[in-house]
Amino acid sequence: MAPPKPDTQSVVLILGGTTTVARALATYLLEGDEPRAQFVRLADRFSVNPPTTYIDKPFLELLKDPAGRLEYRQVNLGNVERHAELFTPPLERAGAETGWTHFDLVFDLTGEMGFDKPELLFITNTYQLALSLATSASKLPPERQPSAYVRLQQPFYDMKSLAGAGHAESDKLKPDGVRGRWWHETLRGIAQIPHLNFGVVRSAAWYGPGVWDTEVVPRLVVGHVYSYLGEEMKFLYNADLRINTVHAVDIAQALYLTGLWLAATPRDQALKEAGAPLPFPFNPPPASAFSLNSHKRTSSFTDTWKTVKTVVPEGEQVTAPLFNVTDDEDSTQGSLAKAVAAVWGVNFGFLSSTVATLVQQFAKTDFNEMVEDVNEKHVEAWSQMLAKSDPPIESTPISPFLDAHAFRKMAIHLDGSKARRVLGYKPARPRVQVDELKTIAQGFQKDNIWPTLS
């Protein structure tokens, strides 16, 4: 059952996520004749005027809202001395007292997204950052504590691509790599903090206007490259590989509904209805037959976690309300390839299992060489496209370069039925549409960071 509609519009704090889904969330909260929030503060490390990261024009216009409903605050979120100020809503707005004593909803969208980065970055920029923010929120006086504190969790887990329903929240999934382990331990750490009404939204592969991370838009970039080259776009592995998807606007919906539900639900009841186990993430996998993925997982294990004193001990059972969020399509590599091909008018195919098996057998040499060769081809073509664009593009954050992890056989397969049942979540974008992908590319073209070719 959906949470009850609040009597008043929410006062909201968004932490981080400017380069991921924070802009979509702020827009979702403030859009329309009946906005869901009366005030939103987005706090992150980037500057927006002048911008030090890509900011789409609709969001820049929202920042100019004459009513001052959206406030962007550039701040080092890791500076604990700034947290009390950060968690205090404005006492006045437009010359009148607000009467706000606390933020109703806090959304934590922080975290290091890249895969092949040093472990120390994941510890400091994901784990310790999020833990310090949540700890500060919990130590506020009771009347100033947020009614709900929701963290967005990325799908950084090893999942199976099987027919039927995907992994439920209760499944004890193994985090994928160093990145996945510290993202997961972040949830365990926050869940242990007292006096914090905490919950988690775990997304599928997300996409939407103005963002280019995860699984969908990188395929759109590569599709344009192969259209330019006049070649068939080929994928490793088979068409049935599950890559479940969700639009950024539906992540925003799920975050908002989770916040309302947590605020309206007694903690014991919330854990009973939606609690999911968060197992210890630092146990190395058992020795097994060599495969491309198992080698990567084993070689990435270190004992660094033992030096981090705040890691929750292995024997402690940790539970938190957790909701998987997907669209309705049960997207696969095949369905995404078909949509991308339709955008650019290219043919697509999949390498046979024999070729994929051969690549796996020689992972230490041939696989890496393959990755280098493919990236060289993609980046060279993209550079030509940028130079030939009308007008030419000198600099863009968008690239067809893919790290080695992107070539590995990684499924994203989640069962999103609990969010529908408990929260009343219903995706506004039930499937990946060709027109939506065109809109995403065209938005970047208008901002002259995606090539426009005649």
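Residues in segment 219-261 that are farther than 23 Å from Val374 by Cα and of a type in the set (Gly, Ala, Ser): 4 in all. Scanning for something of a type in the set (S, T, N, Q), surrounded by fewer than 24 Cβ atoms within 10 Å (Cβ to Cβ) and more than 13 Å from the chain's Cα centre (by Cα), does segment 153-160 turn up at least one residue? The answer is no, given that none of the residues of segment 153-160 is of a type in the set (S, T, N, Q), surrounded by fewer than 24 Cβ atoms within 10 Å (Cβ to Cβ) and more than 13 Å from the chain's Cα centre (by Cα).
Just to be sure, is Ala168 of a type in the set (Gly, Ala, Ser), touching a Gly at 6+ places or on another chain (Cβ under 9 Å) and at pLDDT 95 or above? No, not satisfied.
So, in segment 38-47, exactly how many residues are among the small types (Gly, Ala, Ser) and buried (at least 20 other Cβ atoms within 10 Å of the Cβ)? Reasoning before the result, please.
First, pick out the residues of segment 38-47 that are among the small types (Gly, Ala, Ser): 43, 47.
From what is left, the residues that are buried (at least 20 other Cβ atoms within 10 Å of the Cβ) are 43.
Result for segment 38-47: 1.
Yes/no matrix, rows are residues, columns are (1) assigned to a helix (DSSP H, G or I); (2) in contact with a Ser or Thr (Cβ under 9 Å, 6 or more places away or on another chain); (3) under 30 Å from Lys309 (Cβ atoms); (4) aliphatic (A, V, I, L, M):
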| site | (1), (2), (3), (4) |
| --- | --- |
| Tyr149 | no, yes, yes, no |
| Glu169 | no, no, yes, no |
| Val178 | yes, yes, yes, yes |
| His184 | yes, no, yes, no |
| Leu196 | no, yes, yes, yes |
| Val211 | no, yes, no, yes |
| Thr214 | no, yes, no, no |
| Tyr226 | yes, no, no, no |
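Residues in segment 228-247 include none that are part of a helix (DSSP H, G or I), touching a Ser or Thr at 6+ places or on another chain (Cβ under 9 Å), at pLDDT 95 or above and surrounded by 22 or more Cβ atoms within 10 Å (Cβ to Cβ).
I'd like the residue in segment 194-241 that is among the β-branched types (Val, Ile, Thr) and touching a His at 6+ places or on another chain (Cβ under 8 Å) and, out of all such residues, is farthest from Ala134 (Cα to Cα). Give the steps one after another, and end with the answer.
First, pick out the residues of segment 194-241 that are among the β-branched types (Val, Ile, Thr): 200-201, 211, 214, 216-217, 221-222, 225.
With touching a His at 6+ places or on another chain (Cβ under 8 Å) added as a condition, the list becomes 222, 225.
On the way: Val222: 38, Val225: 42 Å.
The qualifying residue farthest from Ala134 (Cα to Cα) is Val225.
Residues that are surrounded by fewer than 19 Cβ atoms within 10 Å (Cβ to Cβ) and under 30 Å from Ala134 (Cβ atoms) within segment 319-344 comprise just one, Thr319. Return yes when Val201 is in a helix (DSSP H, G or I), in contact with a Lys or Arg (Cβ under 9 Å, 6 or more places away or on another chain) and among the hydrophobic types (A, V, I, L, M, F, W, C) and no when it is not. Answer is no for this residue.
Would you mind stating whether Leu62 is not in a helix (DSSP H, G or I) and not charged (D, E, K, R)? For Leu62, the condition - not in a helix (DSSP H, G or I) and not charged (D, E, K, R) - is not met. Residues in segment 149-163 that are out of contact with any His (no Cβ under 8 Å at 6 or more places or on another chain) and either of a type in the set (Lys, Arg) or farther than 30 Å from Ile243 by Cα (or both): Arg151 only. Checked against the criterion of being touching a strand residue (DSSP E or B) at 6+ places or on another chain (Cβ under 9 Å) and either at pLDDT 90 or above or more than 30 Å from Gly230 (Cα to Cα) (or both), segment 302-312 has no qualifying residue.
Residue-level check: of (1) over 23 Å from His247 (Cα atoms); (2) crowded, with 21+ Cβ neighbours inside 10 Å, Arg202 misses just (1).
As a summary of the residue check, Glu119 satisfies the conditions (1) within 16 Å of Arg41 (Cα to Cα); (2) surrounded by fewer than 22 Cβ atoms within 10 Å (Cβ to Cβ); (3) not hydrophobic (A, V, I, L, M, F, W, C) except for the one numbered (1).
Taking the criterion of being over 19 Å from Ile449 (Cα atoms) and either of a type outside the set (Asp, Glu) or surrounded by 14 or more Cβ atoms within 10 Å (Cβ to Cβ) (or both), the residues of segment 48-66 that qualify are Leu62, Leu63, Lys64, Pro66.
Going through segment 407-437 one residue at a time, which ones are within 19 Å of Tyr207 (Cβ to Cβ) and loosely packed, with under 15 Cβ neighbours inside 10 Å?
Narrowing segment 407-437 to residues within 19 Å of Tyr207 (Cβ to Cβ): 410-414, 416, 419, 425-437.
Result: Lys426, Ala428, Pro430, Gln433, Val434, Asp435.
Assess whether Ala43 counts as being in contact (Cβ under 8 Å) with a residue 40 or more places away in the chain, closer than 23 Å to Ser136 by Cα and assigned to a strand (DSSP E or B). Answer is yes for this residue.
Yes/no matrix, rows are residues, columns are (1) at pLDDT below 95; (2) out of contact with any strand residue (DSSP E or B) (no Cβ under 6 Å at 6 or more places or on another chain); (3) of a type in the set (A, V, I, L, M):
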site	(1), (2), (3)
Thr396	no, yes, no
Ala404	yes, yes, yes
Arg408	yes, yes, no
Lys446	no, yes, no
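The values are calculated or read from the model by the stated rules, or taken from the named source; none is laboratory data. What you see is a predicted model; the values in this text were computed from it and never measured. Because the Cβ atoms are built from the backbone with ideal geometry, glycine has one as well, and the counts that use them run over all protein chains shown.
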